[in-house]
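Following: one structure in structure tokens, then a few remarks.
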Amino acid sequence: MTLTLSPAAAVAHASPAAATASPLAAAAWGWQPVRTGSASLVEQLVAHFSDRIRNHGLRAGMRLPSVRALAEQAGVSRDTVVQAYDRLAAQGLVQSRRGAGFFVCAQRALAEAAAAPAASLAQGAAFDTSYLLRGIFREDADGSGHTGSAGCLPASWMDEGLISGALRAILKQGLRAERSLLGYGLPQGLAPLRRQIASTLQAQEVPAHPETQLMTVSGVTHGLDLIVRCFLQPGDTVLVEDPGWFLIFGRLNTMGVNVVGVPRLPGGPDVQALQALAAQHQPKLFILNTAVHNPTGLSLSAGVAHDVLRIAEQHDFLLVEDDTYSEYLGNMPLRLAAMDRLQRVLLVGGYSKTLSGGLRVGYVAARPEFIHRLTDLKLLGGLTSALPSEQIVHRILADGSYRKHVDRLRERVDKARHRCLRQLEALGCHAVHEPVAGTFAWVDCGMDAELLARQASEHGLLLAPGVLFSPRQAPSRLLRISVAMAEQPAAWQTLALLLKRHRGA
């Protein structure tokens, strides 16, 4: 008599280990590949198992069918099964045990992590620099980045094709490239990129030599961080603008330095106040925006620039020129670095605000001895900056496409800023001095801006109140609004409702 076994029973009869897997094999063999579907066979198989695991159809510790058995039963290649199992392992759903196969992982820890609530003001968090930064860069549950209305321009305003095209060109060039994608970068940064940046700066009268006066960094924030760590010690005094960029205030406070604000006027820092504060405090550094100031959107006048340089020389402190937003000016900016010839000025710039924040590519231009010190500190803190990012930026700068992209982006930003300001005026919020350029509107909202921002946060709207832009954390009625809000009708409805409620009360 011949006994005929079913596929599952045959596996169970073969060995004890196979017997353990037989219920799984039977369940998994119920999968039928759809060869005409939009999803690949690998994706279909991953979805099949992940659904069963997340729905607890497959319990922790159970073994998946062997690669050979599943491939033969489903009529697919072993490579398809291997790829699917590898993806499941990468998602933390299964784990591979050498010589034994793939086993289902426990999911309890993952579920608990997903259920953990995000920090919010309702749970007692302070409305401070950290809260605003977390809000600007938070990730929604669906994995999409969310910027609210307080910080970055939407990714849709950028040109993703520029970056993907540059990456394809670099990959096509392959080993013929000056440095392989697989290696570390150079301490001072990719040489062709430094030459390209130097060429641009020299055309704008900043005498930056690519070998001795220029280095790359991982964005403007990284460049500023290197500078303050290189030139400041606890107890030193550093001057900043008031209002000014809130992130640098937080960074300086963690270092234990004395942060002193210099009032910002339409044409730049208040030079009379700067003269008095420099004489009183003997600062080591003065960190300032010159072209397209954050948050006001105004730029430095020639007369104020000469006075700033004179006072810095008189009291022997360095000037750190944050050039983050100068590309939005539309013409050649007036820079302290050009007037000073990089003697007392350190110029920090980058491409996050115009090209891609994710690439994290910036630069510092300064005296040779300063570049040498900063490069050593960069190596000690994180070795070299990311070579692939630098290669992508170099490619975009070198082929001429960057300039056209910036022109298009600037035009869109200018139109959005104009619309944003008019809409704010309709709500009773007015700019004391209308910005000439940039991605922000700095307006008087007629009430305590921090209170308004707290109320807005309860409705899912992220606003940046003026208190954060003051090194003294002084209460303020001023509010910084991203021009991207011009294209967010729901945000305007929320803001209008909150302002009407306040004025009605």
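The values are calculated or read from the model by the stated rules, or taken from the named source; none is laboratory data. Keep in mind the model is a prediction, meaning the values are calculated, not measured. Counting neighbours? That spans all protein chains shown, and the Cβs are built from the backbone with ideal geometry, glycine included.
Quick look at the values:
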{"item": "Pick from segment 368-393, criterion surrounded by 17 or more Cβ atoms within 10 Å (Cβ to Cβ) and more than 19 Å from the chain's Cα centre (by Cα), ranking: farthest from Ser199 (Cα to Cα)", "result": "Lys378"}
{"item": "Close pairs from segment 240-269: first farther than 18 Å from Leu479 by Cα, partner at pLDDT 90 or above and among the basic types (Lys, Arg), Cβ under 8 Å, at least 6 apart", "result": "Met255/Arg229"}
{"item": "Every residue from segment 196-213 that is surrounded by fewer than 18 Cβ atoms within 10 Å (Cβ to Cβ) and farther than 22 Å from Asn331 by Cα", "result": "His209, Glu211, Thr212"}
{"item": "Residue in segment 478-492 that is outside the structural domain of Leu300 (by TED's automatic domain parsing), in contact with a strand residue (DSSP E or B) (Cβ under 6 Å, 6 or more places away or on another chain), of a type in the set (Val, Ile, Thr) and buried (at least 17 other Cβ atoms within 10 Å of the Cβ) present", "result": "yes"}
{"item": "Failed item, numbered, when Arg422 is tested on (1) in a loop (DSSP other than H, G, I, E, B); (2) surrounded by fewer than 22 Cβ atoms within 10 Å (Cβ to Cβ)", "result": "(1)"}
{"item": "Residue that is closer than 30 Å to Gly268 by Cβ, assigned by TED's automatic domain parsing to the domain that holds Ala484 and not basic (Lys, Arg), where the choices are Ala441, Ala426, Ala366", "result": "Ala441"}
{"item": "Residues that are surrounded by 18 or more Cβ atoms within 10 Å (Cβ to Cβ) and either of a type in the set (Asp, Glu) or outside any helix (DSSP H, G or I) (or both), drawn from segment 77-100", "result": "Leu93, Val94"}
{"item": "Boolean, Arg417 is among the charged types (D, E, K, R), crowded, with 24+ Cβ neighbours inside 10 Å, outside any strand (DSSP E or B) and in contact (Cβ under 8 Å) with a residue 40 or more places away in the chain", "result": "yes"}
{"item": "Verdict on Leu342 being assigned by TED's automatic domain parsing to the domain that holds Pro295, in a loop (DSSP other than H, G, I, E, B) and either within 27 Å of the chain's Cα centre (by Cα) or hydrophobic (A, V, I, L, M, F, W, C) (or both)", "result": "yes"}
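Let's see how each residue does on (1) at positive phi; (2) modelled with pLDDT of 50 or more; (3) surrounded by fewer than 14 Cβ atoms within 10 Å (Cβ to Cβ):
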| residue | (1), (2), (3) |
| --- | --- |
| Leu3 | no, no, yes |
| Ala9 | no, no, no |
| Ala21 | no, no, no |
| Gly37 | no, yes, yes |
| Leu41 | no, yes, no |
| Val46 | no, yes, no |
| Ser50 | no, yes, no |
| Arg63 | no, yes, no |
| Gly75 | yes, yes, yes |
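Residue by residue, here is whether (1) buried (at least 16 other Cβ atoms within 10 Å of the Cβ); (2) over 17 Å from Leu318 (Cβ atoms) holds:
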position: Met215; (1), (2): yes, no
position: Gly219; (1), (2): yes, yes
position: Gly223; (1), (2): yes, no
position: Gln233; (1), (2): no, no
position: Thr237; (1), (2): yes, no
position: Asp242; (1), (2): yes, yes
position: Val257; (1), (2): yes, no
position: Val262; (1), (2): yes, no
position: His281; (1), (2): yes, no
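Yes/no per residue for (1) over 29 Å from the mean Cα position of the chain (by Cα); (2) crowded, with 20+ Cβ neighbours inside 10 Å; (3) not aromatic (Phe, Trp, Tyr):
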| site | (1), (2), (3) |
| --- | --- |
| Leu274 | yes, yes, yes |
| Leu277 | yes, yes, yes |
| Leu288 | no, yes, yes |
| Ala305 | yes, yes, yes |
| Leu309 | yes, no, yes |
| Gln314 | yes, no, yes |
